[in-house]
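Since the structure comes first, as structure tokens, the remarks are kept for the end.
The values are calculated or read from the model by the stated rules, or taken from the named source; none is laboratory data. Since the model is a prediction, treat every value here as computed from it, not as a measurement. Cβ placement follows ideal geometry from the backbone for every residue including glycine, while neighbour counts extend to all protein chains displayed. Please note that ligands, DNA and RNA were not included when accessible areas were found on the heavy atoms of the full protein model with its side chains. Shrake-Rupley method; radii C 1.70, N 1.55, O 1.52, S 1.80 Å.
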Amino acid sequence: GAVTPRDVARAVTERLVTVLDLTAASLSVVVAAFEDAGGAGDMVEVLGAYGYDPALVATWRAFPVGAPGPVAEALRTGEPLYFESLDEVDARYPALDARRHMRDTPASAVVPLVVHGADAEGGQRVIGALGLSYGTECAFD
């Protein structure tokens with residue numbers, strides 16, 4: 001069969017879990033829904049997720065770039081985010097209810113995927129993000 005972007009994302013996330021000894025991983029991309037709205041209508045689509053509860057993945061399959069949460073924030077800012085515990089996630093995003101949704105992955109990192117030289121001025125554009133989730137609290141040095 002044909003290889004789709006979802007097939008590739010699934011293979012990447014599965015491999016990340018194995019190689020980095022993660023509990024779960026995701027690969028999200030920015031979908032420019034309304035380019036003439038200055039990015040205000042951009043959406044995030046989770047192309048692949050491995051190791052997460054299927055109900056959680058279904059809930060977050062697509063969401064606005066402006067939504068509160070680590071993946072959306074990393075996409076907006078182009079900066080990686082690191083959370084050593086659920087307390088840190090709860091403090092930054094109280095509406096997420098991290099204790100309920102992320103109880104199996106207390107530490108996490110979100111790394112934006114950036115294309116450099118994406119425009120005539122040589123600027124950068126964030127095209128997606130990797131979500132990396134760990135089964136225990138950990139320190140990111």
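Summary of computed values
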| read-out | value |
| --- | --- |
| Counted residues, segment 87-112 - those being of a type outside the set (Gly, Ala, Ser) and free of Cβ contacts under 8 Å to residues at least 24 places away in the same chain | 10 |
| Where Leu56 falls short, out of the listed (1) modelled with pLDDT under 85; (2) surrounded by fewer than 14 Cβ atoms within 10 Å (Cβ to Cβ); (3) not small (Gly, Ala, Ser) | (2) |
| Selected residue (criterion: most open to solvent (accessible area, probe 1.4 Å)) from residues of segment 91-115 that are over 12 Å from the mean Cα position of the chain (by Cα) and modelled with pLDDT of 85 or more | Arg92 |
| Leu75 at pLDDT 90 or above, surrounded by 13 or more Cβ atoms within 10 Å (Cβ to Cβ) and assigned to a strand (DSSP E or B) | no |
| Within segment 78-90, tally of residues that are hydroxyl-bearing (Ser, Thr, Tyr) and either crowded, with 22+ Cβ neighbours inside 10 Å or within 15 Å of Ala129 (Cα to Cα) (or both) | 1 |
| Lone unmet requirement of (1) open to solvent by less than 20 Å² (accessible area, probe 1.4 Å); (2) under 16 Å from the mean Cα position of the chain (by Cα) for Pro68 | (1) |
